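*Asks:* I am attaching a structure below and will ask some questions about it afterwards.
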Amino acid sequence: MAEPQRVRDLPEDVDTDDCMTSYTHIYSPDLLKDQVAFITGGGTGIGLRIAEVLMRHGCDTVIASRNLEKLTEAAKKLMAATGRRCLPLTIDVRQPQTISAAVDETLKELGRIDILINNAAGNFLCPAISLSFNAFKTVLEIDTLGTFNTSKVVYEKWFKDHGGAIVNISATLGYRGQALQVHAGSAKAANDAMTKHLAVEWGPSGVRVNTLAPGPISGTEGFHRLGGNIADSMGAFSSIPLQRAGNKTEMAHSVLFLASRASSYVTGHIMVADGGSWLTSANDVSMLLGIASSQSAKL
Ligand code: NAP
């Protein structure tokens, strides 16, 4: 008879935007040796942990977003924890010229790009009726236009001639029309389509395009803003098949698979890493409105 499965076999993580004090490799530590990854939103949350885990597998990274101070602090922590290079660069994914300048700087400083992680996003809970036209537009601009802009610049400047792997960070919000999330759900649904379109068009250039769709992930701004701590204390995660939120290292491990040669024949794929959450979690407008108002009361 098969041994019972260990459901609590979680990788290390820390809830803050710090690096892990210990890390147990699952994959070969050389998996990404001397590769370079460009990670949007790599200075915080899931993006920072993705940067750390890729670096712990031999990769140098660029972490790119708007706040240089935050990025510089994160880059110092990442280099100290992993011994690899990390270049903090300012971009706004809504402005292609800022991406273009950062990609030029990356190629000048690090000489190549093997992996692009489109992780930058903005999100909050808001009923559609209260969402301003501008708020809806801004989320689409950051999440969707930002993913297209960054992919196109990196493709034109490097991937078209050298190949590479793109991993987009999505969400499961649109699968069942999650209440209070029409902005992010619509933006990520567009990105999931973009994953397939670009996989088809860029496959012949040796570019794989895949997506990771996380569920609720602890120790992130998204988790905090979307009421994760309150949902946890209310026992909401007991309705998830795996009975818990995920952690950032688990997301980074899924990205590592999609970004590396471990998935060399995989493209156009949306990989859901949510403990089965979207299949069973409540999509109750009144309950979510309660969480949203208690969150905004705390802000
Ligand atoms: P986070 O820490 O808030 O990360 C978002 C990052 O995006 C920040 O580092 C931010 O940096 C950057 N950013 C925002 N606007 C930008 C812009 N215009 N240009 C460039 N960078 C920009 O959030 P997170 O929770 O870790 O989320 C990371 C990804 O996972 C997102 O794509 C999110 O949708 C997805 N996700 C998260 C969860 C979750 O539970 N946390 C669940 C499902 C999906 P600056 O402020 O410096 O620009």
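*Asks:* Can you give the FRET efficiency for residue 112 and residue 193, using 1/(1 + (r/R0)^6), R0 = 30 Å, r = Cβ-Cβ distance, to the nearest 0.05?
*Replies:* Between residue 112 and residue 193 the formula returns 0.55.
*Asks:* Divide by every residue of the chain the summed helix terms, -39500 (n - 2.57) for each DSSP H run of at least 4, and state the resulting mean residue ellipticity at 222 nm, rounded to the nearest 500 deg cm²/dmol.
*Replies:* -12000 deg cm²/dmol
*Asks:* I want to check the label-to-label distance for residue 104 and residue 25. Put each point 7 Å from Cα in the C-beta direction and report it in nm to one decimal.
*Replies:* With each label placed 7 Å out from Cα toward Cβ, I get 3.8 nm.
*Asks:* For segment 47-100, would you read off the P(r) tail past 15 Å as a percentage of all alpha carbon pairs?
*Replies:* Result for the distance tail: 43 percent.
*Asks:* How large is the direction-averaged shadow of the alpha-carbon convex hull of segment 140-180, in nm²?
*Replies:* Directional mean of the projected Cα hull area for segment 140-180 stands at 3.6 nm².
*Asks:* Next up: Amide H of residue 116 versus every other amide H placed in the peptide plane: which residues, excluding those fewer than 5 positions away on the same chain, fall under 5 Å?
*Replies:* Sorted by chain and number, the residues that satisfy this are 38, 165, 166, 167.
*Asks:* Working out 0.36 nm times the residue gap between residue 73 and residue 14, then minus their Cα-Cα distance, what length gain in nm do you get to one decimal?
*Replies:* Once the chain is fully extended between residue 73 and residue 14, it gains 19.6 nm.
*Asks:* Quick query: amide H of residue 273 versus all other amide H atoms, modeled in the peptide plane; which residues come in under 5 Å with a sequence gap of 5 or more or a different chain?
*Replies:* 213, 215
*Asks:* Taking the mean number of other Cβ atoms within 10 Å as a proxy for protection, how do you rank 222-231, 106-115 from highest to lowest?
*Replies:* 222-231, 106-115
*Asks:* Still on this structure, please answer the following. Would you work out if segment 210-269 is rounded, prolate or oblate? Take a ≥ b ≥ c from the square roots of the eigenvalues of the alpha-carbon gyration tensor; rounded if a/c is under 1.5, else prolate when a/b is larger than b/c, oblate otherwise.
*Replies:* In terms of gyration-tensor shape, prolate.
*Asks:* Determine by what factor the alpha-carbon radius of gyration of the chain differs from 2.2 N^0.38 Å, reporting the quotient.
*Replies:* 0.96
*Asks:* Helix 96-110 versus the longest principal axis of the chain: what angle, 0 to 90°, nearest 10, using Cα atoms?
*Replies:* Taking Cα atoms only, the helix is inclined about 50 degrees.
*Asks:* Report, as a whole number in µm² per second, the diffusion coefficient that Stokes-Einstein gives for segment 1-150 at 37 °C and 0.692 mPa s using the Kirkwood radius over alpha carbon pairs.
*Replies:* For the chosen part, D equals 197 µm²/s.
*Asks:* Ranking 98, 211 by Cβ neighbours within 10 Å, fewest first, what do you get?
*Replies:* Ascending Cβ contact count within 10 Å gives the list 98, 211.
*Asks:* If you don't mind, there's one more thing I want to ask. Between residue 262 and residue 132, what is 0.36 nm times their sequence separation minus the Cα-Cα distance? Round to one decimal in nm.
*Replies:* Net length gain for the segment: 42.5 nm.
Since every read-out is calculated from the coordinates, none of them should be taken as a lab result. Computed from a predicted structure; not experimentally measured. Please note: Cβ atoms are built from the backbone with ideal geometry, for glycine as well, and neighbour counts cover all protein chains shown.
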